[in-house]
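Engineer: This is the structure, below, for whatever I ask next.
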Amino acid sequence: METLYIIIPAYNESVNIRQCVEDWYPVVEAHNQNGKSRLVIINDGSKDDTYQILLELAKERPLLLPLTKENGGHGPTVLYGYRYAIENGSDFIFQTDSDGQTTPSEFELFWNKRNEYDAILGNRIVRGDGKQRKFVENVVCILLRLIFGVKVEDANAPYRLMRTQLVAKYIDKLPEDYEIPNIMFTTYFVYNEEKTVFIPITYKPRNGGTTSINLRKFIKIGWKAVGDFRKFKKEIDD
């Protein structure tokens, strides 16, 4: 029987975190035939009571596993969750975010394709977070095509089901504090012709709370990414 770990980073999400758990806990319950699947929500050093709410919710939800760490940003928190899933023997990792922009009802379509593909990645055709972020995403995809020669439909969607052994294959190529790991995982998967498919997903406006990455920070990360992409490409070629 297969073990699923749903990995969700959370930063200052006291407004959204109860709904997040209500949305995603039934998903992990439905895929817990061996008793080992978990909904892992990682508090990334929130300044509000996100973690306290999670601890309260976990008292009546045995599959909810709240973790907490010092603030490091979204990307490092995602990597922290991936490593936790690898170390604890999950078969599949599903990653999404805690802000209510993604839709749990679309998970089954991904799950049903797990025997056909090792990475099933969301494609945000319509972006609920605005044209500016869509523009940044388009620039990233252009850079990936120029530097790596890969064509991807959405490099960074926080809606991805992956075989844990595939994540483990590439995770040590990235620093623990890397800020955009999902972009590089997508790139590695496509570049190395892993069994990957992109599926359109719904991507709604954010419910509320605090986003850990504003547009200025996202652009700064993107600028740094150009150098990182060239470095990673050189490592691949070597």
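Engineer: Give the residues of region 37-52 that are surrounded by fewer than 21 Cβ atoms within 10 Å (Cβ to Cβ) and in contact with an Asp or Glu (Cβ under 9 Å, 6 or more places away or on another chain), sorted by residue number.
Structural biologist: 45, 48
Engineer: Within region 163-179, which residues are touching a helix residue (DSSP H, G or I) at 6+ places or on another chain (Cβ under 6 Å) and part of a strand (DSSP E or B)?
Structural biologist: Matches in region 163-179: none.
Engineer: While we're on this one: Scan region 10-25 for residues that are touching a strand residue (DSSP E or B) at 6+ places or on another chain (Cβ under 9 Å) and assigned to a helix (DSSP H, G or I) and jot them down.
Structural biologist: Result: 17, 20, 21, 24, 25.
Engineer: Which condition number does residue 68 fail, the rest of (1) open to solvent by 60 Å² or more (accessible area, probe 1.4 Å); (2) in contact with a strand residue (DSSP E or B) (Cβ under 9 Å, 6 or more places away or on another chain); (3) without any contact (Cβ under 8 Å) to a residue 12 or more places away in the chain being met?
Structural biologist: It is condition (3) that residue 68 fails.
Engineer: Still on this model: What pairs come up if the first residue lies in region 23-36 and is open to solvent by less than 50 Å² (accessible area, probe 1.4 Å), the second is in a loop (DSSP other than H, G, I, E, B), and their beta carbons are under 7 Å apart, counting only those six or more places apart or on different chains?
Structural biologist: Pairs found: 25/61; 25/63; 28/37; 28/63; 31/37; 32/63; 34/1; 34/3.
Engineer: Taking the criterion of being in contact with a Phe, Trp or Tyr (Cβ under 7 Å, 6 or more places away or on another chain), at negative phi, of a type in the set (S, T, N, Q) and surrounded by fewer than 23 Cβ atoms within 10 Å (Cβ to Cβ), would at least one residue in region 102-117 satisfy it?
Structural biologist: Scanning region 102-117, I find no residue that is in contact with a Phe, Trp or Tyr (Cβ under 7 Å, 6 or more places away or on another chain), at negative phi, of a type in the set (S, T, N, Q) and surrounded by fewer than 23 Cβ atoms within 10 Å (Cβ to Cβ), so the answer is no.
Engineer: Inside region 26-49, can you point out the residues that are hydroxyl-bearing (Ser, Thr, Tyr) and either in a helix (DSSP H, G or I) or more than 10 Å from residue 4 (Cα to Cα) (or both)? Spell out the reasoning first.
Structural biologist: So in region 26-49, the residues hydroxyl-bearing (Ser, Thr, Tyr) come out as 37, 46.
Of everything in region 26-49, just one residue is hydroxyl-bearing (Ser, Thr, Tyr) and either in a helix (DSSP H, G or I) or more than 10 Å from residue 4 (Cα to Cα) (or both), namely 46.
Engineer: May I ask you to list pairs of residues, at least six apart or on different chains, whose Cβ atoms are under 8 Å apart, with the first in region 180-204 being on the phi < 0 side of the Ramachandran plot and the second being open to solvent by 30 Å² or more (accessible area, probe 1.4 Å) and small (Gly, Ala, Ser)?
Structural biologist: Pairs found: 191/149.
Each row is one residue, and each column tells you yes or no for (1) under 16 Å from the mean Cα position of the chain (by Cα); (2) open to solvent by less than 60 Å² (accessible area, probe 1.4 Å); (3) farther than 24 Å from residue 224 by Cα.
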site	(1), (2), (3)
124	yes, yes, no
138	no, no, no
141	no, yes, no
154	yes, yes, no
166	yes, yes, yes
177	yes, no, no
188	yes, yes, no
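Engineer: Looking only at residues in region 201-238 that are among the polar types (S, T, N, Q) and at pLDDT below 60, which one is farthest from residue 105 (Cα to Cα)? Quick ask: steps written out before the conclusion?
Structural biologist: Restricting attention to region 201-238, the residues satisfying the condition of being among the polar types (S, T, N, Q) are 202, 207, 210-212, 214.
With the extra rule that they be at pLDDT below 60, the set shrinks to 210-212, 214.
Numbers: 210: 24, 211: 23, 212: 25, 214: 28 Å.
Across region 201-238, the extreme among qualifying residues is 214.
The values are calculated or read from the model by the stated rules, or taken from the named source; none is laboratory data. On a predicted model such as this, the values are computed, not experimentally measured, just so you know. Neighbour counts are summed over all protein chains in view; Cβ atoms, including those assigned to glycine, are modelled from backbone coordinates with ideal geometry. Keep in mind that these areas ignore ligands, DNA and RNA; they rest on the heavy atoms of the full protein, side chains included. Shrake-Rupley method; radii C 1.70, N 1.55, O 1.52, S 1.80 Å.
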